[in-house]
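Reading through the C-alpha cells given below for one structure.
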Amino acid sequence: MELQMHSQSQADAQRFAMLGITIDAVTSQQLIAAAVKAVDGGERNLIFGNHNLHSLHLFQKDAALRDFYSRCHLTHIDGMSLIMLSRLFGFPVQRQHRTTYLDWIENFLATAEAKSWKVYVLGGTAESAGALPELLRKKYPALNIRSHHGFITPNDNDAVLQDIGDFAPDVLMVGMGMPRQERWILEALPFLQTSIIFNCGAAFEYLVGVKYRPPRWAGQFGAEWLFRMFSEPRRLAGRYLVEPFHLIPLLLKSAIGSTLHSSTKTLPETWPADKTSAVMPTSGTQ
C-alpha cells in the first residue's frame, strides 16, 4: 500500500500503532511546541509519555503500564530501535523522530525559563535531587525549579504530593525508572494539578553528570545503548542484551499475520488521548 508523507508541522505529526503500542512520530521541535500549547492553553494533567524497546518489553506483561500509556496525550519515540521497527512496519519515520530526552531537554528548559514556567522534578537520589536546582540555574539562572528525590515510601507520599501542590508546577517530570514512575503517576493523578506530566527516567541525572552521558552522535546511529551499558553493566546488560529476545515471538506473530504493511494518518491538532485515532497495520493481529 502506498504511504503518504506529510510535512513536519505540529498539525501534520503522525500517530502509529504497532505491536500493541501507539507512538507519535514527532520531532523535538514539535514536542516542545505541543508542551507550549498545553501550558499556554491551561491544560491539566496531560501525560507526555515515551516508548523505547524497554517499555515495549514491559508493556506486554504489565497491565499498569498499559493503563498508563492508554492515558497518554502524546507518546514520543525514545530510541533508534523503535525507529527501525517502525520502518520495518512501513511507517515513514526518520531519525529526527527519535526524541530521547537528552536531545531536547535543554531547549525545553530554556523555553521553560523564557516563559516563566514552574518545573518540578521528582526523581534521582536525595543527593542528586538536592543539587539539581543549583546546577541547572548555572545555565538557566531564571529557571523556577524545585526537586525531590524519587526514593519515596508510602509514608512519604502525602508530603511529596503536598510539596508538589504547594509549588503548583506547570510541568512535572517524574524520573523513577520504568515501570515505577508510571505507576506512581497513575496513583498520583487524581491529586495533581499541573499542565504536563513527563515520565523522564534518569534524564536529569544524565543531564547534570551524575550518570555518564553518551555523546549525542551515538544516539542518531543507534549506538547510545552501548555507551550506557558499558557505563552501568550490572543494571543495563539484561535490558539491552536479553529483553530484545523476549520480543521475538511478538515480532514473529506479526510477521506471520502479514502485518508488515501500513497506512498513515495525520494526527488531529488536539492530539487526543483516544488511541483509537491511531493508524494500524492493515491486516494481522495486534
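Here, each number is a calculation from the coordinates, and none is a lab measurement. Since we're looking at a predicted model, the values are computed, not measured. Virtual Cβ from ideal backbone geometry, glycine too; neighbours counted across all protein chains shown.
For a quick check: sort Ile248, Ile83, Ile152 by the number of other beta carbons within 10 angstrom, fewest at the front.
In increasing order of surrounding Cβ atoms, one gets Ile248, Ile152, Ile83.
If the segment from Leu251 to Met84 were pulled out straight at 0.36 nm per residue, it would be longer than the present Cα-Cα gap by 58.8 nm. Taking the fewest neighbouring Cβ atoms within 10 Å as the starting point, the ordered list for Lys211, Lys138 is Lys138, Lys211. Put a dot 7 Å past the Cα of Ala168, heading toward its Cβ, do the same for Lys138, and the two dots end up 3.2 nm apart.
Of all DSSP beta bridges confined to the stretch 12-208, the antiparallel ones make up roughly 20%.
Taking 19 Å as the straight-line reach from the Cα of Lys253, the aspartates and glutamates in range (excluding those fewer than 8 positions away in the same chain) are Glu243.
Computed from phi, the 3J(HN,Hα) profile of the stretch 140-157 under the Karplus parametrisation 6.51, -1.76, 1.60 (θ = phi - 60°) reads 10, x, 9, 5, 8, 9, 9, 9, 8, 5, x, 8, 9, 9, x, 5, 8, 4 Hz, with x in place of Gly and Pro.
Each label point was placed 7 Å from the Cα along the Cα-to-Cβ direction; for Asp158 and Glu232 their separation is 3.2 nm.
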